[in-house]
C-alpha cells in the first residue's frame, strides 16, 4: 500500500494520493446550526485569516476528509470567544466519524493588534481542548517564540504541538525540538533547517499555496514514509 503525502495544514482540498488536514472556516461554524453538527456542514477558506472570502461549497461529496478547528490570533477580536469555543466543543463531542483531527491554527503573534494577554488566554483555551480531546495543536507563532516556550513549560502538555510554517534558522529550530515540538515546513523554508531536522519530528504543509504537497516532498528529497501521521 502506497504511503500518502501528508499535508498537516492547508486551506485547499486534498488531491489524489494526499492526506490533508484542512483548516475549517470559523465564521461558517459559528453561524451554522450548532445543535446538529455534521462533517458536511464544514467549509474552508482558500487562504488564511481575513485575507480572503472564498469558501469551498458544502457537499457530502467534498474531497476533504480531515479538518482542524481553531481561532487564528488575527481573528480573536472578531468573534465572541465563548460562543466560538462552545461551538468547538459541541462539534468535537459530536464528531462520531473522527473528521476533526487537530486543534488550530492558533497561537501568539506580536504583529497582531490584539493584546498578547488576550492572545495568550485564547491559546490556553485551545491547548485545553487539545488535552481534553487528545488532539495535536497546530501552532501559529510570530515573534513570540520565548513567550510560547514559556507557556509550554508552564502547561506541560501531553499532546503534540506542531509549529506551523517554520521559516527560521537551525538554531531556532533546535530550541523548539529541545522543547519537544514538531516542525512543519512549507514551500518557503530554510533549507538548512530541513537538513538538520529529524524526519520523525518533521512535517510538511501547503498552507495557502495551491501547489500539491507532493511537490514539496520532491523538492526537499524527503520520503513520506518517515513522516509521522497523528491520526488513523
Practice prompt. List every residue pair whose Cβ atoms sit under 6 Å apart, with the two residues 6 or more apart in sequence or on different chains, where the first one lies in the range 121-146 and is in contact (Cβ under 8 Å) with a residue 12 or more places away in the chain and the second, anywhere, is in a helix (DSSP H, G or I) and crowded, with 23+ Cβ neighbours inside 10 Å.
Written response: 137/130
Discussion item. Going through 118, 111 one at a time, which residue ends up being farther than 20 Å from residue 207 by Cα and modelled with pLDDT of 95 or more?
Written reply: 118
Worksheet entry | Residue count, the range 127-142 (criterion: within 15 Å of the chain's Cα centre (by Cα) and surrounded by fewer than 14 Cβ atoms within 10 Å (Cβ to Cβ)) | 1
Item to complete: Kindly list the number of the only condition in (1) surrounded by 17 or more Cβ atoms within 10 Å (Cβ to Cβ); (2) under 17 Å from the mean Cα position of the chain (by Cα) that fails for residue 124.
Response: (1)
Worksheet entry | Those residues of the range 60-113 which are on the phi > 0 side of the Ramachandran plot and either out of contact with any helix residue (DSSP H, G or I) (no Cβ under 8 Å at 6 or more places or on another chain) or surrounded by fewer than 20 Cβ atoms within 10 Å (Cβ to Cβ) (or both), in sequence order | 98
Item to complete: Determine the pairs where a residue that is on the phi > 0 side of the Ramachandran plot and in contact (Cβ under 8 Å) with a residue 60 or more places away in the chain, located within the range 1-29, has a partner that is in a loop (DSSP other than H, G, I, E, B) and surrounded by fewer than 21 Cβ atoms within 10 Å (Cβ to Cβ) with Cβ atoms under 8 Å apart, the partner being 6 or more residues away or on another chain.
Response: 17/2; 17/4
Worksheet, complete the sentence: Conditions (1) crowded, with 20+ Cβ neighbours inside 10 Å; (2) closer than 26 Å to residue 25 by Cβ -> residue 197 fails only (2)
Practice prompt. Answer yes or no: is there a residue in the range 190-199 that is under 18 Å from residue 105 (Cβ atoms) and either free of Cβ contacts under 8 Å to residues at least 12 places away in the same chain or touching a helix residue (DSSP H, G or I) at 6+ places or on another chain (Cβ under 8 Å) (or both).
Written response: no
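The values are calculated or read from the model by the stated rules, or taken from the named source; none is laboratory data. Everything numeric in this text was worked out from a predicted model, so none of it was measured. Using ideal geometry, Cβ is built from the backbone for each residue, glycine included, and neighbour counts are taken over all protein chains shown.
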